[in-house]
Every structure is written in C-alpha cells, then in structure tokens.
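Let me begin by presenting the structure, written as structure tokens, before commenting on it.
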Amino acid sequence: MLQPKHISSLLLILLLLLEADTTSIKWHSAGAPFGNPAAWLDNYLPCVHDLVVFPGNYPAVLPLPADISVQGFQLPRDGAMFLASDATINLVTPKESGRGLNPNCESSEKRAYLGAPKTSKWFDPNSWSVNSVVGSNSDSGSAPYIPELERVPCDDELVVIPANNAPISFDLEHVHTLRLGQLIMSGSSLSRTYLQELMSREVGQLLFHNAEGVQVDYYRGEVCGCHSQPDFLIQPVCENVECPVPHCESPIRPLGSCCLLCGAQLLAPVANCLEEQRKQVFDYFNAAILKEDRQDELQLHVSHVNNRLQVILLDRDSYSERSTALMHCLQLESTSSRVWKKMPQVEVRYAGRPYNPNISFGSVLLILFCVVLVAIVTVIILAHFMPENPHLRRIPQWINDPRRGNWLLALRRNLIFNRFDEAAVSGPGSGVERLAVIGYDAESGEVRERSFNNPMFEQEEVEAEATTAATTPATIKPDIEGVGVLSPNVETGELDSCSVEEQELTEIHLESSEAESDEEAETKE
C-alpha cells in the first residue's frame, strides 16, 4: 500500500516528465536497504529489543524506514541518517513489547550490526536501472544491446534516488561536470543551485565523495542523444565494466559501447536529432523482426549518438548470424524502402563467423595428450589384472627391460638372432663383448641374455672343455685299427694379422695301416 509520501513523490515525477522532453528515468539501485538482511552482518535483522550498532566509520547517509522499533542506536563517528517528516522511531525498553524487523529473535547478544555501506560510482552502469528503454524491443535495462554510456544518467535525464533504498553514497571520480535533467532525492526535487551548495556541506561530503571542483548543470532537451560529449566519457565508464569475450570473428563495437559485440550495426549521419525519425527507423526494423517471427531471437536498439543515427541488431542467445542475415536482407531491399532513402551515406558493419575462443590449438594438444595418457594408464592396469592375455603380457616385459633406456644402442645392434656358440665366442680371452639382455620373463622373473636357449648346447660344459683343451699338448693317439689321430694343441692368446704369416706350420705325416682286413678291402672295391 502506497503511503502519502510515496504518492506525492510519484506526482512530482509525473509533473517533471510532462515538463521535460525525455521520458527516460534512471533509478539508483545499488546496495541493500535498511530492512534487507544483506545490509546486516550474518544476515541478521534487528529484533525489537536489539541495539543497532553502526560501524565505526560510516561514510554514507542511511535512509531509515517510516516506522522502526529497536532498543537503541550506537552511532558511528562519521555518518548520517535520513528521517522522513512522518517517520517514527520507537525506543523499546526490555519490559515493553513491540514489533521489530526480525520476528524470530534468537540472539542472546541483543545486538545487530550494520554492514559497511557501498559507495556507488556515478559512471558505473551497475549503479543504475532504467524504467523503460527508449528505442529498444525489450524492457530489460541491463540487456547487452544497450550501450554502456546510455546506462548511466544522460545529460538531460531525470535521476531518482529513492528514500527507502540503500545507503546514499556516490563517488564523483572523473566527473568534472554533473550533467542531468533533474535530481529527485528522497522524494524532494533538488534545484541546481541547492545541489551545488549541498556538495560543499558536511552532509554533502557524505553523499558525494570527490566532489571538489565539480559543477552542476541541468539540461532540458538540448542534447543530440544521451551525452553531449560521449568521447570523453568512454574511459571513466568503461573502467567499471567487465566485458565478455565475443564468440565471433571481427566483432563490432557500437558507439557508446565498451564491449565488442557479435551482430550488425547501421550508422547514418543526421543534421537534426529528431525523435520522429528515430521512431520511424525503429518501427521499420521492428516490423521486419515481427514479420520473420524472430522477436524472441533478435535484439534491436535505435538511438542518436553525436549527430548520428545508430541501429544495433544482435542475437539474444548465442551468436548464430541471424542478426547479420536479417540486416543483409534489409540492405538488399534498401532501393525500394523509403526509410533507407531518407538516410544518405549509410554505413553497415557486420560481425564475422561464429567461433569459440576458448578452443585453441594449445587446448586441442592438451586434450590429445590427456587422452593418450589415460589410454596408457588404462592399458597398464589391464596388463596387471589380465596377465594371461597374449598381447598385454608383453607390457611388464617391456617395463622391466633394462635396455628400454638405451634405445639408440638397441637400434644399432640386431639382437633378434644369437649364435649357438655364443658362450665360446664370448668366453675368456675372446675379446668379444658379451651380449646385452634381450628379454625378461615376467612370470618366472628370469632375465635371458640369448634370443632362445639351445637344449643341445650347455654353456658350462663348453667352457670346461675349452679350458682342458688349452692345457693339453698335441699328441698322436692310435686308434683301434692302428691309425694315428692328432690331438691339436690349442694355444690361447690374441693373434694379430702379422703373426699368422710368420708362424711355422708343422706338417704331420700319417702312415696308413697296411693290415687291413679282407672284409674292409671288399668293402672298398
């Protein structure tokens, strides 16, 4: 239910709107009011018997509700409270009863602590809300198709700071001249002279920080667009805006916008910023959107910016080139449209194809590396729990193979084939290097140094025979038939190429036995 004070404030706003040429209003919407749990520590509202405790330093003016019942206030060193003319404060004793802001009183401390006030920047788009967006097919003031410079108070716009809102504290950093149409604070309309004098007072310093040297100017429909000097406001406004990454190639930047957008933009120079012309262009593009039944898919905004008419057409959800396609179709029909003919020297800008900036070449390589790593770990786990698999059983052999670190040496030597007499070749004094390990049996734990084991060849016996032959001199042993057989004397040591030619060869004559049996003679014949 509206109270008399609220009704008078609404009537005052309506009278100012009828007097002014603009119908747009900027409302201060930052912070939490006195009756909101977000304004209190631990979200605890004061009960009727609680003491309201302010922080030690409270650089703001706190509007109090019209009716409040508490035990008392612990005021700060710096700060102020705003009371309406019909406001009532009931200081309740512990024996009295009343109605507080918190019906569920469970605190034994009997204290409620206010949080620190939030100081709003005048050029911060998040500090303001719009009642209706002029030249837009949506009523949302925080829509991305509204340029950031149009989301802060314009030079000829009505600014309202409600009395039942959050603590009032503005930071006028980067503000050289405070331009607005009219200021209504807590239901009272402030004139330009009074506002200028208020900034220099003690209460005004709590309301407006960094107000030294700031001039106040009121405008009445004298600006072509929102601001008379938009180029000087881009930097202070964009310092308070965090822009998302556009998901398209060659994004556009509309006039008065801090962020790059994906869509289409039309610019047309105009001699006079007529509201009738702006409304005619808006109706033309809006009718095209309704004809295609895309009012839920496309966003439209038409406004004057520094003697230029700007049309912004964007996709509501993710960018899919629907906005650029519609703008391209309308541009092809420009020769038969009266609206396009009234806009000479039209410049149209289009965004490129959509793409995801979060997917890059490096991210693709990282994904592939993770997939390969997961595959390797999975195969190793399967090889551990499935040793009977003929393919997976080779993995433990490779892991325990000592040669896997020296893979270059393994490529130079062919270790697949190994001679039967490897023990004799690699025996003592042979000068041949012993072959490396070429296999590992995971089941028995045996390390093999040959490609395969020869059952007819035993390395220990060969080594023993070679040692015996080296120590026994050469003798001629007669066989059972009387034929002498030579047992060679094996000499050990290394021989070079020259010693072979100089070595004396010993010729040994063997006499054949003349006593052959008749049975052997017949066999020879």
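Considering only residues in region 198-247 that are within 42 Å of the chain's Cα centre (by Cα) and among the polar types (S, T, N, Q), the one that is most open to solvent (accessible area, probe 1.4 Å) turns out to be Gln235. When Pro251 is tested against (1) within 31 Å of the chain's Cα centre (by Cα); (2) closer than 30 Å to Ser191 by Cβ, exactly one condition is not met: (2). The number of residues in region 240-274 being in contact (Cβ under 8 Å) with a residue 60 or more places away in the chain and either of a type outside the set (A, V, I, L, M, F, W, C) or on the phi > 0 side of the Ramachandran plot (or both) comes to 12. Restricting Ala410, Ala383, Ala375 to those that are at pLDDT 70 or above, surrounded by 11 or more Cβ atoms within 10 Å (Cβ to Cβ) and not hydroxyl-bearing (Ser, Thr, Tyr) reduces the list to Ala383.
Can you tell me which residue is nearest to Leu309 (Cα to Cα) among those in region 253-266 that are assigned to a strand (DSSP E or B) and open to solvent by less than 10 Å² (accessible area, probe 1.4 Å)?
Once the filter is applied, the top-ranked residue is Leu266.
Entry remark, region 52-72: residues being assigned to a strand (DSSP E or B), open to solvent by 40 Å² or more (accessible area, probe 1.4 Å) and of a type in the set (S, T, N, Q) number 1 in total.
For region 73-89, the set of residues classified as within 22 Å of Gly56 (Cα to Cα), open to solvent by less than 70 Å² (accessible area, probe 1.4 Å) and in a loop (DSSP other than H, G, I, E, B) consists of Pro76 only.
For region 158-169, the criterion of being outside any loop (DSSP other than H, G, I, E, B), open to solvent by 60 Å² or more (accessible area, probe 1.4 Å) and at pLDDT below 90 is met by no residue.
Would you say His174 is assigned to a loop (DSSP other than H, G, I, E, B), surrounded by fewer than 17 Cβ atoms within 10 Å (Cβ to Cβ) and not hydroxyl-bearing (Ser, Thr, Tyr)? It is true that His174 is assigned to a loop (DSSP other than H, G, I, E, B), surrounded by fewer than 17 Cβ atoms within 10 Å (Cβ to Cβ) and not hydroxyl-bearing (Ser, Thr, Tyr).
Selection of region 111-130 for residues being in contact (Cβ under 8 Å) with a residue 60 or more places away in the chain and open to solvent by less than 40 Å² (accessible area, probe 1.4 Å) yields Ala112, Leu114, Gly115, Pro117, Ser120, Phe123, Asp124, Pro125, Ser127, Trp128, Val130.
One line per residue, one yes/no per condition, for (1) under 32 Å from the mean Cα position of the chain (by Cα); (2) under 17 Å from Lys341 (Cα atoms):
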{"position": "Ala271", "(1), (2)": "no, yes"}
{"position": "Gln277", "(1), (2)": "no, yes"}
{"position": "Ala287", "(1), (2)": "no, no"}
{"position": "Leu290", "(1), (2)": "no, no"}
{"position": "Gln295", "(1), (2)": "yes, no"}
{"position": "Gln299", "(1), (2)": "yes, no"}
{"position": "Leu313", "(1), (2)": "yes, no"}
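For region 341-370, a residue qualifies if it is open to solvent by less than 90 Å² (accessible area, probe 1.4 Å) and farther than 30 Å from Gln265 by Cα, and the qualifying residues are Gly362, Ser363, Val364, Leu365, Cys370.
Just one of the listed residues (Asn307, Asn400, Asn389) is over 37 Å from the mean Cα position of the chain (by Cα), modelled with pLDDT of 85 or more and not small (Gly, Ala, Ser), namely Asn307. Can you name the residue in region 15-32 that is open to solvent by less than 40 Å² (accessible area, probe 1.4 Å) and at pLDDT 85 or above and, of all such residues, is farthest from Leu91 (Cα to Cα)? Of everything passing the filter in region 15-32, Ile25 is farthest from Leu91 (Cα to Cα). Counting just the residues of region 295-320 that are out of contact with any helix residue (DSSP H, G or I) (no Cβ under 7 Å at 6 or more places or on another chain) and either open to solvent by 50 Å² or more (accessible area, probe 1.4 Å) or assigned to a loop (DSSP other than H, G, I, E, B) (or both), which one comes out farthest from Tyr145 (Cα to Cα)? By that ranking, first place goes to Asn307.
Give the number of residues within region 206-239 that are farther than 29 Å from Pro59 by Cβ and among the aliphatic types (A, V, I, L, M).
1
The values are calculated or read from the model by the stated rules, or taken from the named source; none is laboratory data. Computed from a prediction, not measured in an experiment: that's the story for all the values here. As a convention, Cβ positions derive from the backbone with ideal geometry for all residues, glycine included, and neighbour counts pool all protein chains shown. Areas reflect the complete protein model, heavy atoms only, side chains present, ligands, DNA and RNA absent. Shrake-Rupley method; radii C 1.70, N 1.55, O 1.52, S 1.80 Å.
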